[in-house]
Amino acid sequence: MKFVVGLLVSVFAVSAHTQVLGKIKGAGEMTAKYFRLDGSADVRNVKCTVALNLDQTADVVELGFSFYECEQLGGWNDLPVSLKIDGNKLVNSKGIEQGRIYADGTLEFTSLSRSKVTYHDEKYDGFCRLYSMDKKTLNLDTVIKYTFVKTATGYQMNREVSEDRLAYKSRRDYPRCPAVVIPTAVKMTSSLNAGLK
(Lines give C-alpha, C1' and ligand atoms only; values in the text may rest on other atoms or scores of the structure.)
Protein backbone atom coordinates (compact mmCIF):
# COMPACT_ATOMS: atom_id res chain seq x y z
CA MET A 1 0.00 0.00 0.00
CA LYS A 2 2.84 2.39 0.87
CA PHE A 3 4.37 1.65 -2.53
CA VAL A 4 1.11 2.53 -4.37
CA VAL A 5 0.71 5.78 -2.38
CA GLY A 6 4.37 6.68 -3.03
CA LEU A 7 3.92 5.95 -6.73
CA LEU A 8 0.79 8.14 -6.93
CA VAL A 9 2.59 11.00 -5.14
CA SER A 10 5.53 10.68 -7.55
CA VAL A 11 3.25 10.70 -10.61
CA PHE A 12 1.36 13.74 -9.27
CA ALA A 13 4.63 15.58 -8.53
CA VAL A 14 5.97 14.90 -12.04
CA SER A 15 2.67 16.01 -13.62
CA ALA A 16 2.58 19.18 -11.51
CA HIS A 17 6.21 19.96 -12.40
CA THR A 18 5.51 19.45 -16.11
CA GLN A 19 2.53 21.82 -15.96
CA VAL A 20 4.64 24.54 -14.33
CA LEU A 21 7.24 24.28 -17.09
CA GLY A 22 6.03 25.65 -20.38
CA LYS A 23 3.23 28.00 -19.36
CA ILE A 24 2.93 29.11 -22.97
CA LYS A 25 3.24 26.73 -25.89
CA GLY A 26 2.97 26.71 -29.63
CA ALA A 27 4.48 25.71 -32.94
CA GLY A 28 6.20 27.27 -35.89
CA GLU A 29 8.94 26.91 -38.48
CA MET A 30 12.68 27.39 -38.33
CA THR A 31 15.23 28.00 -41.06
CA ALA A 32 18.75 27.00 -40.03
CA LYS A 33 22.03 27.43 -41.93
CA TYR A 34 25.03 25.30 -40.97
CA PHE A 35 28.15 26.74 -42.55
CA ARG A 36 31.13 24.60 -43.56
CA LEU A 37 34.84 25.46 -43.51
CA ASP A 38 34.75 26.22 -47.24
CA GLY A 39 31.99 28.82 -46.76
CA SER A 40 29.17 26.72 -48.21
CA ALA A 41 26.13 26.00 -46.07
CA ASP A 42 23.61 23.26 -45.39
CA VAL A 43 20.14 24.88 -45.17
CA ARG A 44 17.28 23.21 -43.33
CA ASN A 45 13.64 24.26 -43.01
CA VAL A 46 11.93 22.39 -40.19
CA LYS A 47 8.76 22.48 -38.14
CA CYS A 48 9.20 23.05 -34.39
CA THR A 49 7.23 22.98 -31.16
CA VAL A 50 7.97 25.44 -28.37
CA ALA A 51 7.22 25.51 -24.65
CA LEU A 52 8.44 28.26 -22.35
CA ASN A 53 7.86 30.35 -19.26
CA LEU A 54 7.91 34.07 -19.98
CA ASP A 55 7.15 36.24 -16.97
CA GLN A 56 6.96 40.01 -16.73
CA THR A 57 6.47 41.99 -13.53
CA ALA A 58 6.89 45.69 -12.81
CA ASP A 59 10.59 45.05 -12.13
CA VAL A 60 11.82 42.15 -14.29
CA VAL A 61 11.36 40.17 -17.47
CA GLU A 62 12.32 36.50 -17.14
CA LEU A 63 12.57 33.69 -19.62
CA GLY A 64 13.00 31.06 -16.93
CA PHE A 65 12.46 27.92 -18.97
CA SER A 66 12.36 27.19 -22.68
CA PHE A 67 12.23 23.97 -24.66
CA TYR A 68 12.42 23.64 -28.43
CA GLU A 69 11.90 20.47 -30.44
CA CYS A 70 12.42 20.52 -34.19
CA GLU A 71 12.12 17.82 -36.85
CA GLN A 72 15.46 16.13 -37.58
CA LEU A 73 17.27 18.34 -35.06
CA GLY A 74 15.94 16.98 -31.77
CA GLY A 75 15.23 19.03 -28.67
CA TRP A 76 17.14 21.55 -26.56
CA ASN A 77 16.80 24.21 -23.87
CA ASP A 78 18.08 27.78 -23.88
CA LEU A 79 19.83 29.21 -20.84
CA PRO A 80 17.49 31.20 -18.56
CA VAL A 81 17.39 34.98 -19.01
CA SER A 82 16.52 37.48 -16.26
CA LEU A 83 16.62 41.21 -16.99
CA LYS A 84 15.67 44.22 -14.88
CA ILE A 85 13.26 46.80 -16.25
CA ASP A 86 14.74 50.31 -16.32
CA GLY A 87 12.19 52.56 -18.01
CA ASN A 88 11.80 51.04 -21.45
CA LYS A 89 15.20 49.31 -21.25
CA LEU A 90 15.99 45.76 -20.17
CA VAL A 91 19.34 45.54 -18.39
CA ASN A 92 21.41 42.69 -16.98
CA SER A 93 22.83 42.41 -13.46
CA LYS A 94 25.75 44.68 -14.46
CA GLY A 95 23.43 47.39 -15.73
CA ILE A 96 24.23 46.73 -19.40
CA GLU A 97 21.30 47.14 -21.76
CA GLN A 98 20.25 43.89 -23.43
CA GLY A 99 16.79 44.75 -24.69
CA ARG A 100 13.75 47.00 -24.83
CA ILE A 101 10.06 47.10 -24.01
CA TYR A 102 8.10 48.94 -26.70
CA ALA A 103 4.91 50.98 -26.29
CA ASP A 104 2.75 48.18 -27.74
CA GLY A 105 4.12 45.71 -25.16
CA THR A 106 6.58 44.03 -27.52
CA LEU A 107 9.60 42.56 -25.73
CA GLU A 108 12.95 42.39 -27.50
CA PHE A 109 16.11 41.18 -25.78
CA THR A 110 19.38 39.36 -26.39
CA SER A 111 21.10 36.52 -24.58
CA LEU A 112 24.88 36.18 -24.89
CA SER A 113 27.00 33.19 -23.92
CA ARG A 114 30.63 32.27 -24.54
CA SER A 115 32.71 29.13 -24.25
CA LYS A 116 36.45 28.84 -24.70
CA VAL A 117 38.70 26.21 -26.23
CA THR A 118 42.39 26.29 -25.30
CA TYR A 119 44.90 24.65 -27.63
CA HIS A 120 48.59 24.63 -28.60
CA ASP A 121 49.55 25.96 -32.02
CA GLU A 122 52.67 24.02 -33.04
CA LYS A 123 55.12 25.29 -35.67
CA TYR A 124 57.82 23.23 -37.42
CA ASP A 125 60.97 24.28 -39.27
CA GLY A 126 62.12 22.98 -42.68
CA PHE A 127 63.63 19.90 -40.99
CA CYS A 128 60.26 19.10 -39.37
CA ARG A 129 61.57 20.04 -35.93
CA LEU A 130 59.12 21.62 -33.55
CA TYR A 131 60.42 25.10 -32.80
CA SER A 132 57.43 26.77 -31.10
CA MET A 133 54.25 25.83 -29.29
CA ASP A 134 52.02 28.80 -28.55
CA LYS A 135 49.08 28.44 -26.19
CA LYS A 136 46.00 30.03 -27.77
CA THR A 137 42.33 30.43 -26.94
CA LEU A 138 39.40 30.22 -29.31
CA ASN A 139 36.21 31.99 -28.22
CA LEU A 140 32.91 30.42 -29.26
CA ASP A 141 30.02 32.88 -28.94
CA THR A 142 26.29 32.31 -29.07
CA VAL A 143 23.95 35.27 -29.50
CA ILE A 144 20.20 34.72 -29.29
CA LYS A 145 17.80 37.58 -30.02
CA TYR A 146 14.22 37.10 -28.83
CA THR A 147 11.22 39.14 -29.92
CA PHE A 148 7.81 38.60 -28.31
CA VAL A 149 4.92 40.53 -29.91
CA LYS A 150 1.66 40.46 -27.94
CA THR A 151 -1.34 39.07 -29.79
CA ALA A 152 -4.99 38.60 -28.81
CA THR A 153 -4.29 35.07 -27.58
CA GLY A 154 -0.63 35.17 -26.50
CA TYR A 155 2.58 36.03 -28.38
CA GLN A 156 4.18 35.83 -31.76
CA MET A 157 7.77 34.83 -31.06
CA ASN A 158 10.86 35.25 -33.21
CA ARG A 159 14.13 33.64 -32.06
CA GLU A 160 17.23 34.49 -34.08
CA VAL A 161 20.53 32.74 -33.37
CA SER A 162 24.13 33.28 -34.41
CA GLU A 163 26.28 30.51 -32.98
CA ASP A 164 29.97 29.65 -33.31
CA ARG A 165 30.34 25.88 -33.62
CA LEU A 166 33.61 24.05 -33.06
CA ALA A 167 35.34 22.59 -36.11
CA TYR A 168 38.91 21.61 -36.96
CA LYS A 169 41.22 22.49 -39.82
CA SER A 170 44.76 21.39 -40.52
CA ARG A 171 47.89 23.32 -41.46
CA ARG A 172 51.15 21.95 -42.82
CA ASP A 173 54.16 24.29 -42.55
CA TYR A 174 56.15 22.17 -45.02
CA PRO A 175 54.83 19.41 -47.30
CA ARG A 176 56.77 16.61 -45.62
CA CYS A 177 56.20 17.79 -42.03
CA PRO A 178 53.40 16.74 -39.68
CA ALA A 179 50.04 18.48 -40.14
CA VAL A 180 48.89 20.61 -37.21
CA VAL A 181 45.22 20.36 -36.27
CA ILE A 182 43.76 23.71 -35.22
CA PRO A 183 40.33 24.32 -33.65
CA THR A 184 38.27 26.91 -35.50
CA ALA A 185 34.75 28.31 -35.46
CA VAL A 186 32.10 27.87 -38.11
CA LYS A 187 28.77 29.70 -37.97
CA MET A 188 25.30 28.38 -37.51
CA THR A 189 22.44 30.84 -37.93
CA SER A 190 18.74 30.22 -37.48
CA SER A 191 15.43 32.02 -37.36
CA LEU A 192 12.41 30.47 -35.64
CA ASN A 193 8.93 32.01 -35.83
CA ALA A 194 6.16 30.56 -33.67
CA GLY A 195 2.74 31.49 -32.38
CA LEU A 196 2.42 30.94 -28.63
CA LYS A 197 -0.51 30.93 -26.23
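The values are calculated or read from the model by the stated rules, or taken from the named source; none is laboratory data. From a predicted model like this one, the values you see are computed outputs, not experimental measurements. All Cβ positions, even for glycine, are placed from backbone atoms using ideal geometry, and neighbour counts span all protein chains on display. Please note that ligands, DNA and RNA were not included when accessible areas were found on the heavy atoms of the full protein model with its side chains. Shrake-Rupley method; radii C 1.70, N 1.55, O 1.52, S 1.80 Å.
Here's how it looks for G22: its modeled amide H is under 5 Å from those of L52, N53, which are all 5 or more places away or on a different chain.
For the chain, the relative contact order works out to 18 percent when only alpha carbon pairs closer than 8 Å and six or more residues apart are counted. Summing Cβ point charges (Lys, Arg +1; Asp, Glu -1) relative to the Cα centre of segment 124-197 gives a dipole of roughly 120 debye.
GNM remark for the chain: springs join alpha carbons under 10 Å apart, and the peak mean-square fluctuation among M157, M133, M30 falls on M133. Segment D141..R36, full-extension length gain: 36.1 nm, with 0.36 nm per residue of separation and the alpha-carbon distance subtracted.
Express the accessible area of the chain per residue in Å², computed with a 1.4 Å probe while the remaining protein chains stay in the model.
Numbers: 12260 Å² over 197 residues.
Per residue, the chain has an accessible area of 62 Å².
Among V186, V117, V43, the largest mean-square fluctuation in a Gaussian network model of the chain (Cα springs under 10 Å) belongs to V117.
Too long at a 19 Å Cα-Cα cut-off: which of K33/K150; K116/K169; K116/K187; K33/K145; K145/K169? Intermediate results must be reported in sequence, preceding the final value.
Numbers: K33/K150 28 Å; K116/K169 17 Å; K116/K187 15 Å; K33/K145 16 Å; K145/K169 30 Å.
In this structure, K33/K150; K145/K169 exceed 19 Å between Cα atoms.
Per-residue SASA remark: E29, around 110 Å² accessible (1.4 Å probe; ligands, DNA and RNA not included). With bins 10 Å wide beginning at 0, the percent of Cα pairs of segment 117-197 falling in each bin runs 16, 28, 19, 15, 11, 7, 3, 0.
By the helix-only formula, in which each DSSP H run with n ≥ 4 contributes -39500 (n - 2.57) and the sum is divided by residues, the chain has a 222 nm mean residue ellipticity of -3500 deg cm²/dmol. Residue by residue, segment 149-159 carries 3J(HN,Hα) couplings of 9, 5, 10, 5, 10, x, 9, 9, 10, 10, 10 Hz when phi is fed to the Karplus relation 6.51 cos²θ - 1.76 cosθ + 1.60 (θ = phi - 60°); x denotes Gly or Pro.
To the nearest ten degrees, helix 2-20 and the longest principal axis of the Cα atoms of the chain are 80 degrees apart. Across all Cα atoms of the chain, the radius of gyration (one decimal) and Dmax (whole number) stand at 22.9, 79 Å. With a Förster radius of 25 Å applied to the C-beta separation of T184 and V43, the computed FRET efficiency comes to 0.75.
Extension gain, N88 to Q72: 0.36 nm times the residue separation minus the Cα-Cα distance gives 1.9 nm.
Could you compute the FRET efficiency for A152 and H120, with r as their C-beta to C-beta distance and R0 at 45 Å, rounded to 0.05? Efficiency at R0 = 45 Å is approximately 0.20.
Taking trypsin sites (Lys or Arg not before Pro) across segment 16-122, the ones in a DSSP loop with at most 12 further Cβ atoms lying within 10 angstrom of their Cβ are R36, K94.
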